[in-house]
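J.: Here you go, one structure.
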Amino acid sequence: MKHHSLLIAPLFFLHGALAQNKPVKRTIEVNTHALHLSIDAKTCRWSAQVKGTEMAINDAYFLPNDDPSGWKVTSSVNNSDTTSLGAFVTVTLHGTKPGQLDFDYEISASKTGNDILVSLGRTNNTGKVVDIENMDYFVSEDAEIGGTADKWIDLGTHSRNRDYYELLSVVNLITPKLYEVNHVVKNMETGNSLLMGHVTTMKGSSRFEITSGWTGKTLDRMQVRGYCSYKVTMPAGKTFAGEKLLIDFNTDALQAMEHQADLIAIAHDIRLKERRPINLDDKEWVANDYSRYHG
């Protein structure tokens, strides 16, 4: 019995050590009325799907080169994030890495609708001045709205006066198509739509790209990218809040664009005297509307 006890004791302590070193699950699951989000704090990747539909963005990332190595990331969840823009569940990732700008990445899922808001704030703790140019907010090579890309029509809004939109088939977008204010894709058979657009433009100018996806045998995916062009010099020790970018899945593309305009007005405290519906058949009106709105 004495010899057996000597054998059992090391096994007991070994089992305890293995239990203490058991990997901790880092995936955060968010469920709202219409949305399911999965956020991996370790890899800084996330996915979102409209429940009961084929509308989704998968494995979106924001770190440069999609490289999480060396980053120390902590996370928090606010289940009661209520603002003038609505009621959300917000997940915040805070990341630090020697020699890099700290980040505060927020992804907010609407409790009542299909809105997803994304924000990326930065803090300069590098001890030196840092120039900031383009900064990715979300990039995904696997976004879908159901059906196949030959039935998906692409359009968007430019920020410059008299820049016309084009109606293009997503399957033909071999090189990225870019719009500044919003970028919309609609399934012409079902109406399922994806809008990417800005809500705020306090410091950075938004950019949204869509490219046809070529993974797999069926062309039922597209590549999407939302980023901000800052062109600013950031002194050491300074912080700036990220812009709020909108991802909105919808079954009515025009309604999504009008909803974005409402959010912009709320975010900038613009009190419209008249709410004019968007008429996509009037390209002249659409091309000039952005400058009218900001003028």
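Rule-based calculations on the coordinates, nothing more; no lab input. As the structure is a computational prediction, the values presented were derived from the model and not from experiment. For neighbour counting, all protein chains shown are included, and Cβ atoms are generated from backbone atoms with ideal geometry for every residue, glycine included.
J.: Taking the range 163-189 only, how many residues are out of contact with any Ser or Thr (no Cβ under 8 Å at 6 or more places or on another chain) and basic (Lys, Arg)?
T.: Selection size over the range 163-189: 0.
J.: Oh, and also: Please state which one of Met234, Met257, Met222 is over 16 Å from Ala60 (Cα atoms), of a type in the set (A, V, I, L, M, F, W, C) and crowded, with 22+ Cβ neighbours inside 10 Å.
T.: Answer to the selection: Met257.
J.: Is one or more of the residues making up the range 219-235 in a loop (DSSP other than H, G, I, E, B), hydroxyl-bearing (Ser, Thr, Tyr), touching a residue at least 60 places away in the same chain (Cβ under 8 Å) and at negative phi?
T.: Within the range 219-235 (the criterion being in a loop (DSSP other than H, G, I, E, B), hydroxyl-bearing (Ser, Thr, Tyr), touching a residue at least 60 places away in the same chain (Cβ under 8 Å) and at negative phi), the answer is no, since none of the residues qualifies.
J.: One residue is enough: does the range 233-246 have a residue meeting the conditions hydrophobic (A, V, I, L, M, F, W, C), farther than 25 Å from Asn65 by Cα and over 18 Å from the mean Cα position of the chain (by Cα)?
T.: no
J.: Could I ask something else about it? What about Glu133, is it surrounded by fewer than 18 Cβ atoms within 10 Å (Cβ to Cβ) and part of a strand (DSSP E or B)?
T.: So Glu133 passes the test.
J.: Can you pull out the residues in the range 244-258 that are in contact (Cβ under 8 Å) with a residue 60 or more places away in the chain, within 13 Å of Met196 (Cα to Cα) and not polar (S, T, N, Q)?
T.: Lys244, Leu245, Leu246, Ile247, Asp248, Phe249, Ala253, Ala256, Met257
J.: How many residues does the range 251-273 hold that are among the small types (Gly, Ala, Ser), more than 15 Å from Thr157 (Cβ to Cβ) and under 20 Å from the mean Cα position of the chain (by Cα)?
T.: Count: 1.
Per-residue answers, yes or no, for (1) assigned to a helix (DSSP H, G or I); (2) hydrophobic (A, V, I, L, M, F, W, C); (3) under 16 Å from Thr251 (Cα atoms):
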residue	(1), (2), (3)
Phe138	no, yes, no
Arg160	no, no, no
Tyr165	no, no, no
His183	no, no, yes
Glu189	no, no, yes
Leu195	no, yes, yes
Lys203	no, no, no
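J.: Name every residue in the range 49-71 that is among the β-branched types (Val, Ile, Thr), farther than 14 Å from Gln223 by Cα and crowded, with 17+ Cβ neighbours inside 10 Å, in order of residue number.
T.: Of everything in the range 49-71, just one residue is among the β-branched types (Val, Ile, Thr), farther than 14 Å from Gln223 by Cα and crowded, with 17+ Cβ neighbours inside 10 Å, namely Val50.
J.: Right, here's the next one. Is it true that Gly156 is in a loop (DSSP other than H, G, I, E, B) and farther than 19 Å from Val77 by Cα?
T.: Considered against the rule, which asks whether it is in a loop (DSSP other than H, G, I, E, B) and farther than 19 Å from Val77 by Cα, Gly156 comes out as no.
J.: Also, quick follow-up: For the range 226-239, enumerate the residues that are touching a Ser or Thr at 6+ places or on another chain (Cβ under 9 Å) and either hydroxyl-bearing (Ser, Thr, Tyr) or closer than 14 Å to Ser205 by Cα (or both).
T.: Matches in the range 226-239: Gly226, Tyr227, Cys228, Ser229, Tyr230, Lys231, Thr239.
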